[in-house]
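K.L.:
The structure's right below; bear with me while I get my questions together.
The values are calculated or read from the model by the stated rules, or taken from the named source; none is laboratory data. Computed from a prediction, not measured in an experiment: that's the story for all the values here. Cβ coordinates were reconstructed from backbone atoms using ideal geometry, including for glycine residues, and neighbour counts include every protein chain displayed.
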């Protein structure tokens, strides 16, 4: 089994980080670069930076100046999402220093975008983001535009399409759990891992270290992402790594100096 990755998620709006609950409202919580520097020092496996303004509106190009600035402070793999509407946008983001690009809204607006990017950049650089709300006890509904527009495909159908078009991995986010610290929607994650063979990243609602263990052992996630848990509680990525290691889950060994 490949080592399970721990991925802090940074939500970016305008000039700083923001905190939301169920994708709304967004309130400012601080600058981006110091947060990147903190996570870099804590030896996280990867970082995700999502421009929530672009994710909702998608009317302008990615802010390459800011992305370049973020990359200078980051020495771990960085995934950027928000406003990537074309192959040119994606190439510009990669040239600015990002290692992967995350598509969400524009994978529905342009059905061929994932395959075009996979062909040009390689599947390993293309991540498909799928956001879903629970409709009832058994059904989830897919949303785009930062959770504001319902799509006519189920989360599992969206994941299947993304995989077939060449996405190298999938981030599945529960809108209902986002920012609530109530725990992952394990059923939603399991629906995706049962559907695709590419790695699946669990996102939305992590409340403690045991949530990461459950996402891997019960829902077969290949990576775990969290925002509010790492930003606003005392739990650190290293605590998450220790909990998973103690549960027998393979994680990257980090040697702390000092």
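K.L.:
Which of the residues spanning region 47-63 are farther than 16 Å from residue 26 by Cβ, touching a helix residue (DSSP H, G or I) at 6+ places or on another chain (Cβ under 8 Å) and either at pLDDT 95 or above or crowded, with 23+ Cβ neighbours inside 10 Å (or both)?
P.N.:
Within region 47-63, 47 is the sole residue that qualifies.
K.L.:
So, one more: Would you mind listing the helices (runs of 4 or more DSSP H) fully within region 178-258 where at least 2 residues are in contact with a strand residue (DSSP E or B) (Cβ under 6 Å, 6 or more places away or on another chain) and touching a residue at least 40 places away in the same chain (Cβ under 8 Å)?
P.N.:
186-193, 209-217, 237-246
K.L.:
Right, residue 69: out of contact with any strand residue (DSSP E or B) (no Cβ under 9 Å at 6 or more places or on another chain) and surrounded by fewer than 21 Cβ atoms within 10 Å (Cβ to Cβ) or not?
P.N.:
yes
K.L.:
Sticking with this structure for a sec: As an exercise: evaluate residue 89 against (1) more than 26 Å from residue 236 (Cβ to Cβ); (2) in contact with a helix residue (DSSP H, G or I) (Cβ under 7 Å, 6 or more places away or on another chain); (3) in a helix (DSSP H, G or I) and give the number of the one condition it does not meet.
P.N.:
Here residue 89 meets the rest and fails (2).
K.L.:
What is the one condition in (1) more than 28 Å from residue 179 (Cβ to Cβ); (2) under 20 Å from the mean Cα position of the chain (by Cα) that residue 111 does not satisfy?
P.N.:
Condition not satisfied by residue 111: (2).
K.L.:
Regarding region 179-200, can at least one residue be identified that is surrounded by fewer than 19 Cβ atoms within 10 Å (Cβ to Cβ), farther than 22 Å from residue 8 by Cα, touching a helix residue (DSSP H, G or I) at 6+ places or on another chain (Cβ under 7 Å) and at pLDDT below 95?
P.N.:
The answer is no, given that none of the residues of region 179-200 is surrounded by fewer than 19 Cβ atoms within 10 Å (Cβ to Cβ), farther than 22 Å from residue 8 by Cα, touching a helix residue (DSSP H, G or I) at 6+ places or on another chain (Cβ under 7 Å) and at pLDDT below 95.
K.L.:
Taking the residues in region 138-158 that are more than 16 Å from the chain's Cα centre (by Cα) and in a loop (DSSP other than H, G, I, E, B) as candidates, determine which candidate is nearest to residue 109 (Cα to Cα).
P.N.:
Taking the candidates together, the pick is 151.
K.L.:
What residue, among those in region 205-217 that are modelled with pLDDT of 95 or more and buried (at least 18 other Cβ atoms within 10 Å of the Cβ), is farthest from residue 159 (Cα to Cα)?
P.N.:
Top of the filtered list is 209.
K.L.:
Scanning region 21-43 for residues that are in contact with a helix residue (DSSP H, G or I) (Cβ under 7 Å, 6 or more places away or on another chain) and assigned to a loop (DSSP other than H, G, I, E, B), which turns out nearest to residue 231 (Cα to Cα)?
P.N.:
42
K.L.:
Which numbered condition in (1) surrounded by 19 or more Cβ atoms within 10 Å (Cβ to Cβ); (2) in contact with a strand residue (DSSP E or B) (Cβ under 7 Å, 6 or more places away or on another chain) is the only one that residue 85 fails?
P.N.:
(2)
K.L.:
Same structure again: What are the pairs with Cβ atoms under 7 angstrom where one residue, in region 56-75, is part of a helix (DSSP H, G or I) and the other, located anywhere, is surrounded by fewer than 20 Cβ atoms within 10 Å (Cβ to Cβ) and modelled with pLDDT of 95 or more? Sequence gap at least six, or different chains.
P.N.:
As it stands, the answer is 64/92; 64/96; 67/96; 67/97; 68/96; 68/97; 71/96; 71/97, since those pairs meet every condition given.
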